[in-house]
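Reading through the structure tokens given below for one structure.
The values are calculated or read from the model by the stated rules, or taken from the named source; none is laboratory data. What you see is a predicted model, and the numbers here were worked out from it, not measured in a lab. Here the Cβ positions follow ideal geometry from the backbone for every residue, glycine too, while neighbour counts run over all protein chains shown.
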Amino acid sequence: MGSSALADESLDRQRVVQSVSTAFVVTVVITGSLAILSGLHDVIRHPVPIQALILLGLTLLSGSATLRIPSIPVSFSISDTFTMTAALLFGPSVGTLIVAADALAISGRLARRKLSPRRAIFNATAPPLAMWLAAHLFFALAHVGPLRVTPIGVWQLLPPFALFVSTYFLCNTGLIALAVSFETQQSVTRIWREHFLGLWVSFLGGGLVAALLVLLVYHRESDLQALLILVPLPLILHAMFRDSMRHAEERIEHLDKVNHLYQSTIEALAMAIDAKDQVTHGHIRRVQRFSARLAAALKVTDERELKALQAASLLHDTGKLAIPEHILNKPDKLTTGEFERMKTHAAIGADILSSIEFPFPVVPIVRHHHENWDGSGYPDGLQGDRIPFGARILAVIDCFDALTSDRPYRRRLSDADALKILRERRGSMYDPAVVDAFVAAHAEGAFRDETSTSDAMGAVAHTTSDSHVDAEPRNAPFVTQTYVALFTLASALAQTNDPDAICDAICRYFDSDVPFSSSCVMFSYSEAGNSLVVRHSCGAHASVLRRLTIPFGERLTGWVAANRMPIFNSDAALDLEALVFSLDAPPRRCLAIPLVAEGNLVGVLTVYSKDPTFGRQDPQVMTVVGDRIAPALKTVLVS
């Protein structure tokens, strides 16, 4: 199955979900409206006493005291006490109408948040439907009429009362949880358990206060006095729950900050690893993406395991920070001794990461991602199911990406050849179930949109040396192509200091084969802000890239500015960071050169390309161009 077929299948699935969601909302709206109309008809035929209007007024007054559910757009008010009292004293019709009035009032207050008509109508009809069902169940089980005119003993009241409160709670929260589930496409059980289950105390408290009001009505001559005596109790309940919700929101905010801290730590380590390992540059980012897809194919749903795999995918090569660069970036196969030294990176990485108290099991995955299914791997020789499941997933992805990536000593293999090797190692090196799932997912196109095309050229200047270059020149001998490129650009840039014209000329040079595949950004160095600010940009994504501001010394462009050295064929995502996810067909490679005039930093010229690699002559050409244009731009860019 190709990627287009998968997209069609995903689109069909979304349409089905939308259809079911619409049918559910329409059903609730229709049945809730019928319940309201039934209540109106009953009240018109049998007018209610003034006390019901008092309960309506208390309901609307207390409805302004709402409880906000953290992290989802749902809120509840303390008015349930008075709506349940109305239903018990005056029957289902009165209770349903008062709930409807309360729901309309709440929707009116929420209208300032630009609530969609669909959600507003649902909010106005779902609670009345829940009350209509709960009240009818109560009176059917109690075998009595409205309690204001048909008293009932306390012990006789308890069973139907418990059913009444629980039904109202489950229907009220369940309908909203279902609606949220359809809208967010998350598990309804999980949504209800995480966000609504804790509200049972609120509903139970409101129900008990309602029961006390009913009992007081039995023993007092004035219903109004009985109602006024207990009015403060719901307010007290509201104050207690509001405080609880505030603490819950604070805890959620704290957890978000902790998670952000962990993610920042992970990203920083990942960038350090990627910058040092020039041979496998970009490898960890691909492993992260592919591991997530394989976990999905294996139906992994445990949140802790998924987060652990995501972090471990980025950090699995942390131990390479301790491996000497002459081994790590050797442009040839390693000797036996060198390979033994390289093998220590798994245990070293686990030891480094063990000092970080991750909230999920990252360290075991990092330590054991080179263990083999038959026990022949390292560092501990674990076998079979003793190997952490995340490590088994990571091992297959790690192998596939390595096989389909260029190395200084060999060309990358085709996907077919890499899959053949995985099948050969199935049951010896890799978990058979994981290999089978990977092969099946690959056949469905899960890994074809970003087939590995990394090469031996890294993120620092000296990777442009011939020993590390694995890209072919552009259909011409290298030296000739370089001279031609220099002549072309020199002619275009002659006698100009216009940054727009310079950027356009450079874009035309890089887009000679594939139009609009590159972006050229000219950064100026702001000494006051100690940062690099975009002054001019052209090509693909030019308007979005104008928003970039890169701190001096950070990311790729900042590194080039601080060290005054070019980079070549680095991963563009390392420079663009989160911005890359907002781009359609985002760039894959980055080339950046410092602009220096009379020993002073003027700025940085950065080119982002969608092609797998830049040509072999491009660094030399752009270095000469940078030296040529920097003096002319000195007065234009420096701020």
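State whether the residues of segment 559-575 include one that is over 16 Å from residue 544 (Cα atoms), aliphatic (A, V, I, L, M) and free of Cβ contacts under 8 Å to residues at least 12 places away in the same chain.
Within segment 559-575, the subset over 16 Å from residue 544 (Cα atoms) is 559-571, 574.
If we keep only those that are aliphatic (A, V, I, L, M) as well, we get 560-562, 565, 567, 574.
Of the ones still in play, those that are also free of Cβ contacts under 8 Å to residues at least 12 places away in the same chain are 562.
Yes, that holds for at least one residue.
Could you please let me know if residue 132 is assigned by TED's automatic domain parsing to the domain that holds residue 83 and at pLDDT 90 or above? Spell out the reasoning first.
Numbers: assigned by TED's automatic domain parsing to the domain that holds residue 83: yes; at pLDDT 90 or above: yes.
For residue 132, the condition - assigned by TED's automatic domain parsing to the domain that holds residue 83 and at pLDDT 90 or above - is met.
Give the number of residues within segment 141-195 that are part of a helix (DSSP H, G or I) and more than 35 Å from the chain's Cα centre (by Cα).
Restricting attention to segment 141-195, the residues satisfying the condition of being part of a helix (DSSP H, G or I) are 141-142, 154-184, 188-195.
Filter once more, so that each one left must be more than 35 Å from the chain's Cα centre (by Cα): 141-142, 154-167.
Summing the residues that are part of a helix (DSSP H, G or I) and more than 35 Å from the chain's Cα centre (by Cα) in segment 141-195 gives 16.
Output yes when any residue across segment 353-369 is in contact with a helix residue (DSSP H, G or I) (Cβ under 8 Å, 6 or more places away or on another chain), without any contact (Cβ under 8 Å) to a residue 12 or more places away in the chain and outside any loop (DSSP other than H, G, I, E, B), and no when none is. Spell out how you get there, then give the answer.
The first filter runs over segment 353-369 and keeps only residues in contact with a helix residue (DSSP H, G or I) (Cβ under 8 Å, 6 or more places away or on another chain), leaving 353-354, 356, 358-369.
In the following step, the residues that additionally are without any contact (Cβ under 8 Å) to a residue 12 or more places away in the chain were identified as 354.
From what is left, the residues that are outside any loop (DSSP other than H, G, I, E, B) are none.
Checking segment 353-369: not a single residue is in contact with a helix residue (DSSP H, G or I) (Cβ under 8 Å, 6 or more places away or on another chain), without any contact (Cβ under 8 Å) to a residue 12 or more places away in the chain and outside any loop (DSSP other than H, G, I, E, B).
Only one of (1) of a type outside the set (Gly, Ala, Ser); (2) surrounded by 15 or more Cβ atoms within 10 Å (Cβ to Cβ); (3) in contact with a Phe, Trp or Tyr (Cβ under 9 Å, 6 or more places away or on another chain); (4) at pLDDT below 75 fails for residue 182. Which number is that?
Every listed condition holds for residue 182 apart from (4).
Given the criteria free of Cβ contacts under 8 Å to residues at least 40 places away in the same chain and buried (at least 21 other Cβ atoms within 10 Å of the Cβ), does residue 619 qualify?
Details: free of Cβ contacts under 8 Å to residues at least 40 places away in the same chain: no; buried (at least 21 other Cβ atoms within 10 Å of the Cβ): yes.
It is false that residue 619 is free of Cβ contacts under 8 Å to residues at least 40 places away in the same chain and buried (at least 21 other Cβ atoms within 10 Å of the Cβ).
Could you count how many residues in segment 307-337 are buried (at least 17 other Cβ atoms within 10 Å of the Cβ) and part of a helix (DSSP H, G or I)?
First, pick out the residues of segment 307-337 that are buried (at least 17 other Cβ atoms within 10 Å of the Cβ): 307-320, 323, 328-330.
Narrowing further to those that are part of a helix (DSSP H, G or I): 307-315, 318-320, 328.
The total comes to 13.
Suppose we filter 129, 157, 170 for residues that are surrounded by fewer than 19 Cβ atoms within 10 Å (Cβ to Cβ) and either closer than 22 Å to residue 208 by Cα or touching a residue at least 40 places away in the same chain (Cβ under 8 Å) (or both); which single one remains?
Numbers: 129 fails: surrounded by fewer than 19 Cβ atoms within 10 Å (Cβ to Cβ); 157 fails: surrounded by fewer than 19 Cβ atoms within 10 Å (Cβ to Cβ).
Of 129, 157, 170, the one residue that is surrounded by fewer than 19 Cβ atoms within 10 Å (Cβ to Cβ) and either closer than 22 Å to residue 208 by Cα or touching a residue at least 40 places away in the same chain (Cβ under 8 Å) (or both) is 170.
When you go through 52, 65 one by one, which is the residue that is in the same structural domain as residue 127 (by TED's automatic domain parsing), surrounded by 14 or more Cβ atoms within 10 Å (Cβ to Cβ) and at pLDDT below 65?
65
Can you tell me how many residues within segment 405-434 are under 30 Å from the mean Cα position of the chain (by Cα) and under 26 Å from residue 340 (Cβ atoms)?
Of the residues in that region, 3 qualify.
Across segment 516-541, what is the total count of residues that are among the hydroxyl-bearing types (Ser, Thr, Tyr), within 18 Å of residue 622 (Cα to Cα) and either at pLDDT 85 or above or in contact with a Gly (Cβ under 6 Å, 6 or more places away or on another chain) (or both)?
Restricting attention to segment 516-541, the residues satisfying the condition of being among the hydroxyl-bearing types (Ser, Thr, Tyr) are 517-519, 524-526, 531, 537.
Narrowing further to those that are within 18 Å of residue 622 (Cα to Cα): 517-519, 524, 537.
Narrowing further to those that are either at pLDDT 85 or above or in contact with a Gly (Cβ under 6 Å, 6 or more places away or on another chain) (or both): 518-519, 524, 537.
Total meeting the criteria: 4.
Mind listing just one residue for me: the one in segment 420-443 that is small (Gly, Ala, Ser) and not in a helix (DSSP H, G or I) and, of those, farthest from residue 294 (Cα to Cα)? Spell out how you get there, then give the answer.
Going residue by residue through segment 420-443, those that are small (Gly, Ala, Ser) are 427-428, 433, 437, 440-441, 443.
From the residues that got through so far, the ones that are not in a helix (DSSP H, G or I) too are 427-428.
Values: 427: 18, 428: 20 Å.
Ranking the candidates gives 428 first.
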